[in-house]
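So the structure is just underneath, and the comments pick up after that.
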């Protein structure tokens, strides 16, 4: 078993007791809730006549169903309005703070937590959403939970869990120009598989990780779950502390920053920590990664040939064959040149300010292909506001992108933003599952934000590094 | 039909196994756009009796028995188990009819080939799946939909972690065996759709067709199911004092967040 890792330390600091099941009962330092997975949990509390134990450690937002075009109330869709009203009532009754759209703080749950300084190193963070692993970028132990577990956390401030193994994933070297955090995580998942992380927590380390900003680290931790790992984290360092100092919580409580820093430093993995497994990947050899199939593990370098199903391990062969049929791709082809109909720049993986800035660099002075529907959905109202002030909105709109309000949007198609028919989408999101973006025949190609921007311009999957060369020639 | 109608109707007709079976096999898509769609019944949803306060009666789940239904393929994700558009609801009622929806129906609501559509599997309660089943999102809607369709236990090669945890929270065992064993069981179910499968959670065995095979049940899961402590709310609530002490020890928890 691992020893001396951040995971071990944070676990021990939060362990209340061992339950008769053999699971540990862990204290939850931050419980984030949203409109889709929490209403049933509040219903269960009511049935059992229980109250929310730690409302001040709970924070709500609305993201999954919120419309990104017209947000006036009541929402056009009855079911969306009902879910929003239910959440409003639940948080009001329980005394839970709610970053609703009128506050200017609303956004995707995994964007607003860090933004407001709620996400901190050494906290245990849970949310009824599998991408809660995002918060691990700050050195928090963060994971997604189901609705019955939300009930547990609401009622007790704790969760029952079994301790897992720790795999250190070291990314050495320096990334090439045009290669981003998203490419690192897609590469990890394609190498270790979508279930390679089951039973593990991933610790991301190495030069290429340390040189990333917080947003890049969030993109990586965000997709831990796509590799089967329920949680992933990066040890906190100066980059983390600088970011935290600027957040609301520490701006309002500057004394807390100095008070907590020794704790943050103390929970980082020891130099001689023991891991259950270590994997090393040479970051300098990576290129932009795109998916050719219908699981996030089916990724390749943009110029690499699509593998033949029969060349894959036996347990991947059948899935690959079905995926290639759905995506209409052939072994031996590259994804470079794959026609797309929609470009989606958004989601909890890649809709933070640096993502939108990098996309805008590609878009500026160019036009979206005539046959492409392109949209930018900022991760939060704050990201949106800052981006607008910086002129990013104008750049995108002049190029032919739609500029929307904050929400999950086309990542999972629970609002009106959906693929239609068999449209193919260049997407900065995290899942390319069949039907994920709202149409069961829709085709999703996952890639980094600059690659999405490039695909919007050319109408096909494009190696963004080549696009750059063309523009400067 | 509005969601409200659907709910009241399903509660009126709940616990009628014959009706549930008839609805399942009606071969009609339950999409909201059509007229007089049949409404499937939530299968015998596990009864959690609450006697007010923290008193909750949690049944022990030592065994699960019934005929099987094979669902083949690795990496069957939660978007396939329950597409997100059916999650625009504030309760889990009525989700059973949407299980595997897009795999079961085409655009025009015509049935596609899928075990959940087949007459011979309509009374099945033991699902047999392959690798990494339930990967993807944390939505409890996925096991809720399967449970409400009628699934009591799942046997597979491997399960995504959050999915297995969600199943446990509903008292549904997720037991595992190797690829070959699972494929043989799936083939047997295909040949014997009415054949009884007995899952013994405590002994970690599955018995079918006159043979008993060894399977694996995660230790904590087995203990929780067998001892009837899989609903952890009351269990953990009883440690409220220690929880508060833990909160007080943590440097980042503000005093105001801790109720006295």
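The values are calculated or read from the model by the stated rules, or taken from the named source; none is laboratory data. Since this is a predicted model, take the numbers as computed values, not measurements. Neighbour counts run over all protein chains shown; Cβ positions are idealised from the backbone, glycine included.
Are any residues in the range B:241-260 touching a helix residue (DSSP H, G or I) at 6+ places or on another chain (Cβ under 7 Å) and over 24 Å from residue A:253 (Cα atoms), and if so, which ones?
Residue satisfying the conditions is B:243 alone.
Could you figure out which of (1) in a strand (DSSP E or B); (2) outside the structural domain of residue B:125 (by TED's automatic domain parsing) isn't true of residue B:213?
Result: residue B:213 passes all but (2).
Output the residues belonging to the range A:182-194 that are facing another protein chain (nearest Cβ under 9 Å) and surrounded by fewer than 24 Cβ atoms within 10 Å (Cβ to Cβ).
A:193
Scanning the range A:1-19 for residues that are more than 9 Å from chain B (Cβ to nearest Cβ) and assigned to a helix (DSSP H, G or I), which turns out surrounded by the fewest Cβ atoms within 10 Å (Cβ to Cβ)?
Checked the range A:1-19; the qualifying residue surrounded by the fewest Cβ atoms within 10 Å (Cβ to Cβ) is A:12.
Kindly state which strands (runs of 3 or more DSSP E) lie completely within the range A:158-252 and contain at least 2 residues that are farther than 25 Å from residue A:113 by Cβ. Talk me through it step by step, then tell me what you get.
Values: elements: A:158-161, A:165-172, A:200-205, A:231-233.
Output list reads A:165-172.
Consider the range A:83-107. How many of its residues are within 14 Å of another protein chain (Cβ to nearest Cβ) and assigned to a loop (DSSP other than H, G, I, E, B)?
2
Quick one: in the range A:20-60, which of the residues that are part of a loop (DSSP other than H, G, I, E, B) and within 25 Å of the chain's Cα centre (by Cα) is surrounded by the fewest Cβ atoms within 10 Å (Cβ to Cβ)?
Among those residues, the one meeting the criterion is A:34.
Those residues that are assigned to a loop (DSSP other than H, G, I, E, B) and within 8 Å of another protein chain (Cβ to nearest Cβ), I need them from the range B:134-154; list them, please. Step through it out loud before you land on a result.
Just the residues of the range B:134-154 that are assigned to a loop (DSSP other than H, G, I, E, B), to begin with: B:134, B:136-140, B:150-152.
Passing the criteria: B:136, B:137, B:138, B:139, B:140.
Going by the structure shown, is residue A:56 within 12 Å of chain B (Cβ to nearest Cβ), farther than 24 Å from residue A:163 by Cβ and in contact with a helix residue (DSSP H, G or I) (Cβ under 7 Å, 6 or more places away or on another chain)?
Details: within 12 Å of chain B (Cβ to nearest Cβ): yes; farther than 24 Å from residue A:163 by Cβ: yes; in contact with a helix residue (DSSP H, G or I) (Cβ under 7 Å, 6 or more places away or on another chain): yes.
It is true that residue A:56 is within 12 Å of chain B (Cβ to nearest Cβ), farther than 24 Å from residue A:163 by Cβ and in contact with a helix residue (DSSP H, G or I) (Cβ under 7 Å, 6 or more places away or on another chain).
Under the condition of being in a strand (DSSP E or B) and within 21 Å of residue A:37 (Cβ to Cβ), which residue from the range B:155-176 is farthest from the other protein chains (Cβ to nearest Cβ)? Break it down into steps so the answer makes sense when it comes.
The first filter runs over the range B:155-176 and keeps only residues in a strand (DSSP E or B), leaving B:155-156, B:159, B:174-176.
Keeping just the survivors that are within 21 Å of residue A:37 (Cβ to Cβ) gives B:159, B:174.
On the way: B:159: 8, B:174: 12 Å.
Checked the range B:155-176; the qualifying residue farthest from the other protein chains (Cβ to nearest Cβ) is B:174.
Does the range B:235-245 contain at least one residue that is part of a loop (DSSP other than H, G, I, E, B), touching a residue at least 40 places away in the same chain (Cβ under 8 Å) and not assigned by TED's automatic domain parsing to the domain that holds residue B:152?
yes
Can you work out which of the residues in the range A:330-349 that are surrounded by fewer than 19 Cβ atoms within 10 Å (Cβ to Cβ) and in contact with a strand residue (DSSP E or B) (Cβ under 9 Å, 6 or more places away or on another chain) is nearest to residue A:308 (Cα to Cα)?
A:334
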